[in-house]
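Comments concern the structure below.
The values are calculated or read from the model by the stated rules, or taken from the named source; none is laboratory data. These numbers were taken from a predicted model, which means no experiment stands behind them. Don't worry about glycine lacking a Cβ; one is built from the backbone with ideal geometry, like all the others, and counts go over all protein chains shown. To get the accessible areas, we keep the full protein, side chains included, count just its heavy atoms, and leave off ligands, DNA and RNA. Shrake-Rupley method; radii C 1.70, N 1.55, O 1.52, S 1.80 Å.
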Amino acid sequence: MSQAIPTIMVLEPDVLLRMALSEYLRDCGYRVIEGVKVEDVWTVIRTGVTLEVLFASVQPDGFALASKLRQTSPGVDVILYSGIADAVDKSSTICGRGPAKIRARPEAVARRIQRLLAGRERSLKQKGA
Amino acid sequence: MNPVTSLRPQPGAKPTLLLVEDEFSTRWAAAEFFRAEGFMVVEADDVNDALMVLLSGKSIDAVFSDLRLPGDHGGEFLSTWLEKHRPNIPVLLTSGRTDGATCAGTNPLRRFVVKPYDLREVLRLVCRMLGRGIEMPD
């Protein structure tokens, strides 16, 4: 049985960071959608594409985006990242399982996404059992 | 045989396309299409980002750029920059204005396609430029 490829959206205004991370995640086998602005996330959501994970920078609107997504699209797990320690602490109150301390190496991000998706799968199985 | 199919890059030789487009939905659709066709796609939403990618040392095989982009410079500036600094990279320009074709000039590595475009036609043009550097007769 073929398994659906999880879709990750990387929201990052810096083109070089976004390129490096997105390429790495694609090499890991994920479908990756690249966004530059917060509106891009809503465009994707509106099309009905199932997003498993949104990986977004805290700056400039990450907190507001994560809060709104939690209300409107609870199926999307959000990982916010920042190089600022306070922002990481704050994100833990918004994202539940999500927050990441980013000295972001792509490998670390991929591991985090992998854990997140594994947790989601376990949770779905438990609900189905 | 579908002519587009025959132009697809062969496995193992994944060309990298720098896609420069500020409108997200358009960029997303084009990027997904080219990835599905076997390309690596680097997405930039303005000329500054495109130049950052080009100057980063990332190997780029072709550029597909909108002419009208936000910021001080548009796709025409990018095309001129590429002609001067990366003359061997083929560039396909696009715009909703048909007079944008003049920006492509007579250089065989510069082509123009009007918006709205058919992505299969864009693929065909890019593949032709990658394959021969000049347009082949139909």
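Between residue A:121 and residue B:13, the simple spin-label model (points 7 angstrom out along Cα→Cβ) gives 3.7 nm. The shape of the stretch A:1-85 can be summarised by an equivalent ellipsoid whose semi-axes, obtained from the alpha carbon gyration tensor, come to 19, 17, 11 Å from longest to shortest. Amide H to amide H distances under 5 Å link residue A:54 with A:9, A:77, A:78, A:79, where only residues 5 or more positions off or on other chains count and H is placed in the peptide plane. Rounded to whole numbers, the Karplus 3J(HN,Hα) couplings from phi for the stretch A:24-41 are 4, 5, 5, 4, 6, x, 8, 8, 10, 10, 9, x, 10, 10, 4, 4, 4, 5 Hz, using 6.51 cos²θ - 1.76 cosθ + 1.60 with θ = phi - 60°, and x at Gly and Pro.
Database remark: amide H of residue B:42 closer than 5 angstrom to the amide H of B:17, B:18, B:19 (H placed geometrically; neighbours at sequence offset of 5 or more, or on other chains; Pro and chain starts carry no H). The residues B:117, A:81, A:24, sorted by heavy-atom accessible surface at 1.4 Å with ligands and nucleic acids left out, run A:24, B:117, A:81 from largest to smallest.
Shape call for the stretch B:14-75 from the C-alpha gyration tensor, a ≥ b ≥ c root eigenvalues: rounded (a/c under 1.5), prolate (a/b greater than b/c) or oblate? Numbers along the way, then the final one.
On the way: a/c = 2.46, a/b = 1.23, b/c = 2.00.
Cα axes put the stretch B:14-75 in the oblate bin.
Given a 1.4 Å probe and the protein chains as shown, residue A:37 ends up with an accessible area of around 80 Å². Which FRET efficiency value, to the nearest 0.05, is calculated for residue A:72 and residue A:4 with the Förster distance at 25 angstrom and r the Cβ-Cβ distance? So the FRET efficiency works out to roughly 0.65. Cross-link list B:14/B:84; A:68/B:115; A:68/A:127: which exceed 28 angstrom alpha carbon to alpha carbon? Those over the limit are A:68/B:115.
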